[in-house]
Amino acid sequence: MRPQKLDPRDTAERLTGMHGWMLAEDGGSISKAFRFKSFSEAFGFMSECALAAEKLDHHPEWFNVYNRVDVSLTTHDAGGLTELDFKLAARMDRAGAGRTQDQRKQDV
Ligand code: H2B
């Protein structure tokens, strides 16, 4: 069975423990801007995430230019955020660790 849409309070609580993820105004998705040292690092990140996405059968919406990967996660089947979005977000953070730019640059 596919996961159910999360309660907005549950979503807010999960987000407090996560770095760099923002909740969309309509509450239906979360997004993060990843910045890498190079295109190769960005592409390595995307390759690792693609494998994780296939395993989870849950896929990101993302946009890449050079060292930038802007990610948006939502569960289309549920019409909003589910457990799967937070699972994929955690895997993406793990894939990004060690590949991302210096934090001060990442946050600007
Ligand atoms: N990814 C995302 N982000 N949302 C979904 O609802 C979704 C998916 N559904 N990947 C999956 C695939 C579904 O289409 C397949 C048939 O399981």
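The values are calculated or read from the model by the stated rules, or taken from the named source; none is laboratory data. Bear in mind that the values here come from a model prediction, so they are computed numbers and not experimental data. Here the Cβ positions follow ideal geometry from the backbone for every residue, glycine too, while neighbour counts run over all protein chains shown.
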Next item on the list: Scan the stretch 54-87 residue by residue and report those that are part of a helix (DSSP H, G or I), out of contact with any strand residue (DSSP E or B) (no Cβ under 6 Å at 6 or more places or on another chain) and either touching a residue at least 24 places away in the same chain (Cβ under 8 Å) or away from the ligand (no atom under 15 Å from the Cβ) (or both).
Entry: 56, 83, 86, 87
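Which one is surrounded by the most Cβ atoms within 10 Å (Cβ to Cβ), of the residues in the stretch 24-53 that are in a strand (DSSP E or B) and of a type in the set (A, V, I, L, M, F, W, C)?
Among those that are in a strand (DSSP E or B) and of a type in the set (A, V, I, L, M, F, W, C), it is 34.
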Margin query: For a quick check of your reading of the model, give me the residue pairs whose first member lies in the stretch 33-50 and is closer than 13 Å to residue 66 by Cβ, whose second is modelled with pLDDT of 95 or more and among the hydroxyl-bearing types (Ser, Thr, Tyr), with beta-carbon atoms closer than 8 Å and at least 6 apart or on different chains.
Written below: 39/66; 42/66
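Select from the stretch 14-23 the residues that are in contact (Cβ under 8 Å) with a residue 12 or more places away in the chain, in a helix (DSSP H, G or I) and more than 13 Å from residue 82 (Cβ to Cβ) and list them in ascending order.
If we filter the stretch 14-23 for residues that are in contact (Cβ under 8 Å) with a residue 12 or more places away in the chain, which is where we start, we get 14-15, 18-21, 23.
Among the residues that remain, those that are also in a helix (DSSP H, G or I) are: 14-15.
Across the stretch 14-23, the qualifying residue is only 15.
Evaluate the stretch 5-13: report whether one residue or more is over 18 Å from residue 90 (Cβ atoms), assigned to a loop (DSSP other than H, G, I, E, B) and at pLDDT 95 or above.
Taking the stretch 5-13 and keeping what is over 18 Å from residue 90 (Cβ atoms), we get 5, 7-9.
Then drop every residue that is not assigned to a loop (DSSP other than H, G, I, E, B), which leaves 5, 7.
Restricting the remaining residues to those that are at pLDDT 95 or above gives 5, 7.
Yes, the conditions are met somewhere in the stretch 5-13.
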Checklist line | Unmet requirement for residue 66, which otherwise passes all of (1) touching a helix residue (DSSP H, G or I) at 6+ places or on another chain (Cβ under 9 Å); (2) surrounded by 19 or more Cβ atoms within 10 Å (Cβ to Cβ) | finding: (2)
